[in-house]
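One structure is given below, encoded as structure tokens.
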Amino acid sequence: MRIVYHLGAHCTDEERLIRCLWKNRATLGHQGIVVPGPTRYRALLRDTAITLKGRAASRDTQALVLDQIMDEDRADRLILSWDNFLSYPQWAIRDRRLYPAAGERIRAFTQIFPEIEAEFHLAIRNPASFLPALFAKQRGKPYEEFIGTADPRALSWSRMVEEIRTLNPDAPLTIWCDEDTPLIWPEVLQNVSGHAPDTQLAETDELLTSIMSPEGLTRMNGYLSSNPPSSVAQRRRIVSAFLDKFALPDQIETEFELPGWDESLLDDLNSGYQRDITRIRQMEGVTFLAA
């Protein structure tokens with residue numbers, strides 16, 4: 001068995017992936033892919049990791065935890081998704097860094113099942129939009145307290161990924177940009193679940209429904225049915241064309257106003273994000289899903 005950890009991050013997926021896989025759990029189950037309900041494992045894994053304090057769980061503990069997570073006797077892949085695997089939102093920025101405890105936290109969670117292979121999946125997002133969205137999750141905390149002494153320009157996804165790889169060197173990591181998700185959604189679902197390429201999943205339009213007009217989505221699905229794309233690249237071009245014409249402006253074009261932010265800072269954040277992507281794509285053990 002392999003345990004698949006979908007790590008979020010915050011303000012990217014918003015539970016869409018696990019909702020889609022949960023709705024298709026019967027279909028996936030026929031392929032040995034188990035998708036338990038999140039309430040069965042999130043608090044359980046958190047409490048178990050706290051109890052273990054970084055130590056490897058015994059076989060009895062592993063068996064007990066697995067018994068509470070899944071009803072099946074066996075599985076080829078067990079899908080676990082939680083954006084708080086990396087950190088709770090209020091601690092995502094600490095010590096002038098982005099998710100400074102991510103590597104240690106993930107290591108602690110995988111120590112619950114030290115004898116089972118693991119793999120990680122993660123979406124990253126441009127700090128120019130990620131930081132305002134993360135700030136919105138702070139429940140009234142003032143911006144100055146949220147950002148602390150950190151320089152937004154120095155908050156690095158690539159540094160976080162390096163630390164995850166250093167502390168979890170045997171677990172492959174798949175990463176994609178949240179901005180590309182509408183174009184690569186089928187590939188994201190397939191990479192996380194590991195389902196056979198010819199599998200037909202139901203109710204996979206939630207993401208596009210949130211950013212495309214109903215008319216556009218209907219017309220796009222009709223076009224795809226009448227003109228099945230011959231390749232992944234062709235499907236992406238079709239989706240991109242319909243998004244260009246039918247995207248909902250208030251969902252695509254978002255303006256952010258945070259204290260001290262100006263055009264110069266936004267330019268620096270955009271440039272830093274591109275550098276981070278370049279570094280991540282070159283890392284050993286990382287698969288990057290590009291649009």
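The values are calculated or read from the model by the stated rules, or taken from the named source; none is laboratory data. Bear in mind the structure is a predicted one, so any value in this text is a computation, not a measurement. Positions of Cβ are generated from backbone atoms using ideal geometry, with glycine treated the same way; all protein chains shown enter the neighbour counts.
The table that follows gives values for the structure above.
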item: Residue list for segment 83-132, restricted to those being within 22 Å of LEU289 (Cα to Cα) and over 17 Å from the mean Cα position of the chain (by Cα); result: GLU117, ALA128
item: ALA171, sole failed condition from (1) buried (at least 22 other Cβ atoms within 10 Å of the Cβ); (2) assigned to a loop (DSSP other than H, G, I, E, B); result: (1)
item: Some residue of segment 199-212 being at pLDDT 95 or above and buried (at least 18 other Cβ atoms within 10 Å of the Cβ); result: no
item: Pairs, first free of Cβ contacts under 8 Å to residues at least 12 places away in the same chain and more than 18 Å from ILE50 (Cα to Cα) in segment 66-88, second in a loop (DSSP other than H, G, I, E, B) and hydroxyl-bearing (Ser, Thr, Tyr), C-beta under 9 Å, six or more apart; result: none
item: Residue that is surrounded by the fewest Cβ atoms within 10 Å (Cβ to Cβ) [pool: residues in segment 3-44 that are aliphatic (A, V, I, L, M) and within 12 Å of the chain's Cα centre (by Cα)]; result: ILE18
item: Any pair with Cβ under 7 angstrom, 6 or more apart, that starts in segment 23-40 at a residue that is over 10 Å from SER193 (Cβ atoms) and ends at one that is part of a helix (DSSP H, G or I) and at pLDDT 95 or above; result: PRO36/ILE69; GLY37/TRP22; PRO38/ILE18; ARG40/GLN68; ARG40/ILE69
item: All positions within segment 174-207 that are in a helix (DSSP H, G or I), of a type outside the set (A, V, I, L, M) and in contact with a strand residue (DSSP E or B) (Cβ under 6 Å, 6 or more places away or on another chain); result: ASP178, GLU187, ASN191, SER193
item: Criterion: more than 15 Å from the chain's Cα centre (by Cα) and at negative phi - qualifying residue of GLN190, GLN200; result: GLN200
item: Test: residue in segment 129-149 that is assigned to a loop (DSSP other than H, G, I, E, B), at pLDDT 95 or above and either aliphatic (A, V, I, L, M) or closer than 24 Å to GLU284 by Cα (or both); result: no
item: Qualifying residue in segment 232-248 (condition: of a type outside the set (D, E, K, R), within 30 Å of GLN31 (Cα to Cα) and free of Cβ contacts under 8 Å to residues at least 12 places away in the same chain); result: yes
item: Answer residue from segment 255-274, given it is touching a helix residue (DSSP H, G or I) at 6+ places or on another chain (Cβ under 8 Å) and in a helix (DSSP H, G or I) and is surrounded by the most Cβ atoms within 10 Å (Cβ to Cβ) among those; result: TYR273
